[in-house]
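A.B. asks: Mind having a look at this structure? Questions to follow.
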Amino acid sequence: MNSDSGERPGFQELVERYRHLRGEHRLSGVEGTVRRHLERDLAGLESRIERRLALWVPDEEERRQWRAHLHHGGPAPSLPPVPPPLVFHGVADDGSIVEVRAQGHQEYRLSVDGSPRGPIPPVPNVLPPEGVRLAGMRCRETFTASPDSVADLRRHVFVGAGEPPWEHAPDLLRDGLIDPDFGLTARGRRALTGPRT
């Protein structure tokens, strides 16, 4: 796999970063501060890669192939395509389902009831309670992530207790509330601070 374009964002870059650090680790002395820092960085990066594998690759055999690629230089299996990040999902006044997805840096595409409608300006990070106008339609934002997922995300963000709730990552990522590293998105902030619909 040459690029993550159209696939899971940044995964191959994580693999390359891991291999680079592993090479530096091999060249470092048997003992010392640099070696210990590299070991810590390698462990953290491997943990991050494992979390992404758990999130994106449901089949254990495919995860094993990715680990072989990571550790032994085996061929990289294909990752299934991922839809562009969801920036807005809502309902227009006429009942139409409206979605906006990021297509690149500051580029956004609107679809209405699953039909593409073309590019639009960015969706504001903060939306008024009465909704937002998108392509001439007044739309009210809705969220599809389960209440348990959102509650655990809220606890993680506002209480800061331990690891992110990785078990909910697919649900939260699909609804555009988090990014692939479990960072809260603007949509995620709106879900946690606004009225839930």
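A.B. asks: Among residues belonging to segment 1-39 that are among the small types (Gly, Ala, Ser), over 15 Å from residue 70 (Cβ atoms) and in the same structural domain as residue 53 (by TED's automatic domain parsing), point out the one that is modelled with the lowest pLDDT.
C.D. replies: Initially, segment 1-39 is screened for residues among the small types (Gly, Ala, Ser), giving 3, 5-6, 10, 23, 28-29, 32.
Checking which are over 15 Å from residue 70 (Cβ atoms) leaves us with 3, 5-6, 28-29, 32.
Within this subset, residues satisfying the condition of being in the same structural domain as residue 53 (by TED's automatic domain parsing) are 28-29, 32.
Numbers: 28: 81, 29: 74, 32: 81.
Among those that are among the small types (Gly, Ala, Ser), over 15 Å from residue 70 (Cβ atoms) and in the same structural domain as residue 53 (by TED's automatic domain parsing), it is 29.
A.B. asks: Also: Out of segment 40-64, which residues are farther than 16 Å from residue 16 by Cα and not aromatic (Phe, Trp, Tyr)? Before you say what the answer is, go through the steps one by one.
C.D. replies: First, the residues of segment 40-64 that are farther than 16 Å from residue 16 by Cα: 40, 51, 54-64.
Result: 40, 51, 54, 55, 57, 58, 59, 60, 61, 62, 63, 64.
A.B. asks: Okay, next question. Tell me which strands (runs of 3 or more DSSP E) are completely within segment 86-197 and hold 2 or more residues being within 19 Å of the chain's Cα centre (by Cα), or say none if there are none. If you could, list the steps in order and put the result at the bottom.
C.D. replies: Numbers: elements: 86-92, 97-104, 107-112, 115-120, 132-134, 137-141.
Counting at least 2 such residues, we get 86-92, 97-104, 107-112.
A.B. asks: Sticking with this one: Can you go through 113, 175 and tell me which one is free of Cβ contacts under 8 Å to residues at least 60 places away in the same chain, charged (D, E, K, R) and not assigned by TED's automatic domain parsing to the domain that holds residue 54? Lay out the reasoning, then the answer.
C.D. replies: Numbers: 175 fails: free of Cβ contacts under 8 Å to residues at least 60 places away in the same chain.
Matching residue, one of 113, 175: 113.
Let's see how each residue does on (1) part of a loop (DSSP other than H, G, I, E, B); (2) not β-branched (Val, Ile, Thr):
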residue	(1), (2)
29	yes, yes
36	no, yes
40	no, yes
49	no, no
55	no, yes
77	yes, yes
83	yes, yes
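A.B. asks: If I ask for residues that are in contact (Cβ under 8 Å) with a residue 40 or more places away in the chain, within 27 Å of residue 45 (Cα to Cα) and surrounded by 14 or more Cβ atoms within 10 Å (Cβ to Cβ), which ones from segment 78-110 would you list? Spell out how you get there, then give the answer.
C.D. replies: Of segment 78-110, the ones in contact (Cβ under 8 Å) with a residue 40 or more places away in the chain are 78-82, 85-94, 96, 98.
Checking which are within 27 Å of residue 45 (Cα to Cα) leaves us with 78-82, 85-86.
Result: 79, 82, 85, 86.
The values are calculated or read from the model by the stated rules, or taken from the named source; none is laboratory data. Since the model is a prediction, treat every value here as computed from it, not as a measurement. Cβ atoms come from the backbone with ideal geometry, glycine included; neighbour counts cover every protein chain shown.
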